[in-house]
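Chemist: What follows is a single structure, and I will ask about it in a moment.
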Amino acid sequence: MTFELKCPRCQQAISPYDTVESDGYRVAHVDCSSPRSLGPEANVFLYAYCWDHAVAECAACAQSFRQQELISGPFSVGTFFCPHCRRNLTESVRAHLVSCSRIPEQLRQKVRETCEATQKLLKRSHELLDHTDVLMREIEASRAELNATRRRGRRKTE
């Protein structure tokens, strides 16, 4: 019995690289149809600080693109594709946001801290789920042992 952390909205597994938000006491995808898309804050940074320069590179086409040149996902605001080969360049845009010198260092630091905090929370959640798995196996073994003891006791009284 292996547990994995799942989004309560879509029941898909949550990866440390997904864009997530708090949903009560749980973690959920910001956009279940595109879990790795950029969140609304990232899109604000792109428009406010990065409109006039390249924000993504396509390794396949060996070209760089400005935000307005990229193709956005049809159902997701935070997903970006190469206009030539249609490869998903969202991770390239995400990397740009963390390194762009036009975004104030304080904001970039907040982005890094948020990413690190999310990854730590997801890691801790996975650790807790793994610990739960161990405890469940111990309970099953204890029940099996108890049942075997009961059966041996019944045989002696018969």
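Chemist: Which residue is nearest to the chain's Cα centre (by Cα), if the candidates are limited to region 42-58 and must be among the hydrophobic types (A, V, I, L, M, F, W, C) and part of a helix (DSSP H, G or I)?
Modeler: If we take residues in region 42-58 being among the hydrophobic types (A, V, I, L, M, F, W, C) and part of a helix (DSSP H, G or I), then 42 is nearest to the chain's Cα centre (by Cα).
Chemist: Would you check if residue 101 is among the hydroxyl-bearing types (Ser, Thr, Tyr) and part of a helix (DSSP H, G or I)?
Modeler: Against the criterion (among the hydroxyl-bearing types (Ser, Thr, Tyr) and part of a helix (DSSP H, G or I)), residue 101 does not qualify.
Chemist: Sticking with this one: Go through region 39-71 and give me each residue that's among the hydroxyl-bearing types (Ser, Thr, Tyr) and crowded, with 16+ Cβ neighbours inside 10 Å.
Modeler: Within region 39-71, 49 is the sole residue that qualifies.
Chemist: Enumerate the pairs (first residue in region 42-70 and under 18 Å from residue 103 (Cα atoms); second residue anywhere and among the basic types (Lys, Arg)) with beta-carbon separation below 6 Å, excluding pairs fewer than 6 apart on the same chain, so at least 6 apart or on different chains.
Modeler: Short answer, once both residue conditions are applied: 49/102; 54/66.
Chemist: Restricting attention to region 59-85, which residues are of a type in the set (Val, Ile, Thr) and outside any loop (DSSP other than H, G, I, E, B)?
Modeler: Scanning region 59-85 gives a single hit, 71.
Chemist: Oh, and also: Give me a count of the residues in region 1-38 that are among the aromatic types (Phe, Trp, Tyr) and farther than 23 Å from residue 70 by Cα. Before the answer, list the steps.
Modeler: If we filter region 1-38 for residues that are among the aromatic types (Phe, Trp, Tyr), which is where we start, we get 3, 17, 25.
Still in the list and also farther than 23 Å from residue 70 by Cα: 3, 25.
Count: 2.
Chemist: Hey, another quick one. Can you tell me how many residues in region 6-41 are in a loop (DSSP other than H, G, I, E, B) and either under 10 Å from the mean Cα position of the chain (by Cα) or among the charged types (D, E, K, R) (or both)?
Modeler: Qualifying residue count, region 6-41: 13.
Chemist: Only residues in region 100-129 that are hydroxyl-bearing (Ser, Thr, Tyr) and at pLDDT 85 or above count as the first member; pair them with residues that are surrounded by 12 or more Cβ atoms within 10 Å (Cβ to Cβ) and part of a helix (DSSP H, G or I), Cβ under 9 angstrom, at least 6 apart or cross-chain, and list the lot.
Modeler: Final answer for the pair search is 101/108.
Chemist: Restricting the search to region 115-158, which residues are of a type in the set (S, T, N, Q) and surrounded by 11 or more Cβ atoms within 10 Å (Cβ to Cβ)?
Modeler: Hits for region 115-158 are 118, 119, 125, 132.
The values are calculated or read from the model by the stated rules, or taken from the named source; none is laboratory data. Note that the structure is predicted; figures quoted are calculated from it, not measured. With ideal geometry, Cβ positions are generated from the backbone for all residues, glycine too; neighbour counts draw on all protein chains shown.
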